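A quick write-up on the structure given underneath.
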Amino acid sequence: MLAKDVMNKNPRVVLKKDERVMDALRKMYEKGVIAAPVVDDYGKVVGIFLLRKLLKYLESRYRELNIFIPPTPFDVIEIPVSPKPESLKDVFKKLLNMKVHELSCKAKVVKPENDLEDVIDILVNKKTNIVPVVDEDCRLVGIITQMDIMKAMFKNKNHSSSNSSSSSS
């Protein structure tokens, strides 16, 4: 089975690289997706936007906000006054105004003629939810999700079952 046999030619969400994270999240929420391909102005795939990566970014920023290292007896008595730390509200505001490409992961892509085994390898080993399918110019022509793989398995099983039951009659 090939990538073109399984791919979704009309992804529910495709993000532009210069789109704001807030707009991307709105689209993803409305369509119920947790990952989306990111393209440039020519439709070429430049990355994948994963909700998981956004959450990791938030987690790291949140940890930075809560870090407090008390002075030790070996520190100099004069402690410089640091600027007011960012609030969580500031972190959210900054995050929502970032561009999608700033939080995108590098995309591992396949061509329509690639074997489905290549797609499964990427989904498993690259820990991603989607694999963009591209043409010879690296323009997006579809995506394959974990769910698309599962649908193909069931479709193939049902097709095999109906063939074996009709041949036994």
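Descriptive notes on the structure:
- Residue match in the range 110-123 (condition: under 18 Å from Asp40 (Cβ atoms), part of a loop (DSSP other than H, G, I, E, B) and modelled with pLDDT of 95 or more): no
- Pairs with Cβ under 6 Å, 6+ apart, first in the range 88-105 and farther than 15 Å from Lys53 by Cα, second hydrophobic (A, V, I, L, M, F, W, C): none
- Highlighted here are the helices (runs of 4 or more DSSP H) found entirely within the range 1-100 that include at least 3 residues which are at pLDDT 95 or above and out of contact with any Cys (no Cβ under 6 Å at 6 or more places or on another chain): 3-6, 21-31.
- Residue, farthest from Val39 (Cα to Cα), within the range 94-139, restricted to residues that are polar (S, T, N, Q) and loosely packed, with under 14 Cβ neighbours inside 10 Å: Asn125
The values are calculated or read from the model by the stated rules, or taken from the named source; none is laboratory data. Every value quoted in this text rests on a predicted model; they were computed, and no experiment measured them. FYI the Cβ positions are ideal-geometry reconstructions off the backbone, even for glycines, and counts take in every protein chain you see.
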